[in-house]
Every structure is written in structure tokens, then in C-alpha cells.
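Beneath this line is the structure, given in C-alpha cells, with notes to follow.
Nothing in this text is a laboratory measurement; each read-out follows from the coordinates by a stated rule. Computed from a predicted model, the values in this text were never measured in an experiment. Backbone-built Cβ (ideal geometry, glycine too); neighbour counts: all protein chains shown.
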Amino acid sequence: MLAELEVTDSADPSIAQALLDGLLGHNARFAGAPDSRPLSVVVRDPASGAVRGGLTGRTRYGWLYVDTFYLPEDLRGGGQGARILGAAEDEARARGCVGSYLDTLSFQAAGFYEKQGYHRVGTLPDYPRPGQAKYFYMKRFAAA
């Protein structure tokens, strides 16, 4: 007998949590505890304290995942991005991580990540539109 399916456009956090709990429970049998912790590096306006840019992600299973990384145009090109990414990588190393991974779109920051030592490990063509692509990158940290 097949289970009943429900298709919804709801973003119910309890559904996402139930699925994540189930998946992490399954994974623990093979990969151990995930030791999942959030990680953020924030750039604030010195006068107002408002968030101008930064990075959010998490460490899990000994890797840093960079989820969101944004800098406004006026903060790009002067090394600020490298400092932010470097700070996240330093914290990940302190947490015992062996590397970092992320994804970016072809019109975003592929060249920046390559300059920071990231290597493309995959491509999803025609995303988000035909002629564009989503790139997947990883960087293994040097052994201490």
C-alpha cells in the first residue's frame, strides 16, 4: 500500500524540520553526528550599524557550506570579499573543517571564488535561464 501524497506550496517550517530530522538521523548511521553550526561574517556600516553585506553558512560534517554571500557594489574590488571569505574559512578551520563548498551563478562571482582557490566540481547548465549556469565549487584547506 502506497502512502498518501500531499503537494503544497506551503513553507511550513515543521515539515522542513521533520524531513531534516529524518535525513540527519539516517545519515548519522553512516557519517556520524553532523556537528552542525551556523556561521556568519557580517559587514556593518560604521555609522549606523546597518548590515551592508557579508556571508552566511554553516559547518557540518567537517565542511563549511557558504549559503549566501553578498557585498554591495561600493564594497567590491578592494579586498573586502576576500577578507570576509577568509574569516569564514578561518573559523571553519578552527571548528576542525577540512574544506569549503558553495554554489554560484554564471553571472555572479565564479571568477572571485577561483581567485580564492576554489575549484569548479560541477555545472548545472541553463539555470536559472537558458545560456546561464549554476556552478558548484569546493576548496580543500591545507593541512595544518
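Looking only at region 24-42, count every residue that is surrounded by 11 or more Cβ atoms within 10 Å (Cβ to Cβ) and not basic (Lys, Arg) and tell me the total.
Qualifying residue count, region 24-42: 11.
Within region 86-115, can you find the residues that are over 14 Å from LYS139 (Cβ atoms) and either among the hydroxyl-bearing types (Ser, Thr, Tyr) or in contact with a Gly (Cβ under 8 Å, 6 or more places away or on another chain) (or both)?
Across region 86-115, the qualifying residues are GLY96, SER106.
Name the pairs whose Cβ atoms lie under 6 Å apart, with the first residue in region 28-42 and under 14 Å from ARG95 (Cα atoms), the second of a type in the set (Phe, Trp, Tyr) and assigned to a loop (DSSP other than H, G, I, E, B), and 6 or more positions between them or separate chains?
PRO34/TYR61
Would you point out the residue of region 92-121, among those that are more than 14 Å from the chain's Cα centre (by Cα) and among the charged types (D, E, K, R), that is surrounded by the most Cβ atoms within 10 Å (Cβ to Cβ)?
ARG93
In region 131-144, what residues are free of Cβ contacts under 8 Å to residues at least 12 places away in the same chain and either within 23 Å of GLY62 (Cβ to Cβ) or of a type in the set (Phe, Trp, Tyr) (or both)?
ALA142, ALA143
Looking at region 1-57, which of its residues are of a type outside the set (Ser, Thr, Tyr), under 29 Å from SER100 (Cβ atoms) and assigned to a loop (DSSP other than H, G, I, E, B)?
ALA11, GLY32, ALA33, PRO34, ASP35, ASP45, PRO46, GLY49, ALA50
What about VAL66, is it of a type in the set (Val, Ile, Thr), more than 12 Å from the chain's Cα centre (by Cα) and not in a loop (DSSP other than H, G, I, E, B)?
When the stated conditions are applied, VAL66 does not pass them.
Can you find even one residue in region 122-130 that is part of a strand (DSSP E or B), free of Cβ contacts under 8 Å to residues at least 60 places away in the same chain, surrounded by 13 or more Cβ atoms within 10 Å (Cβ to Cβ) and not hydroxyl-bearing (Ser, Thr, Tyr)?
yes
Conditions: (1) over 13 Å from the mean Cα position of the chain (by Cα); (2) closer than 26 Å to ARG140 by Cα. ARG60 meets all but one. Number of the miss?
Of (1) over 13 Å from the mean Cα position of the chain (by Cα); (2) closer than 26 Å to ARG140 by Cα, only one is false for ARG60: (1).
Could you check how many residues of region 4-52 are within 29 Å of LEU71 (Cβ to Cβ) and of a type in the set (A, V, I, L, M, F, W, C)?
Going through region 4-52 one residue at a time, the tally reaches 9.
Scan LEU102, LEU85 and give me the residue that is touching a residue at least 24 places away in the same chain (Cβ under 8 Å), assigned to a helix (DSSP H, G or I) and either among the polar types (S, T, N, Q) or closer than 17 Å to LEU55 by Cα (or both).
LEU85
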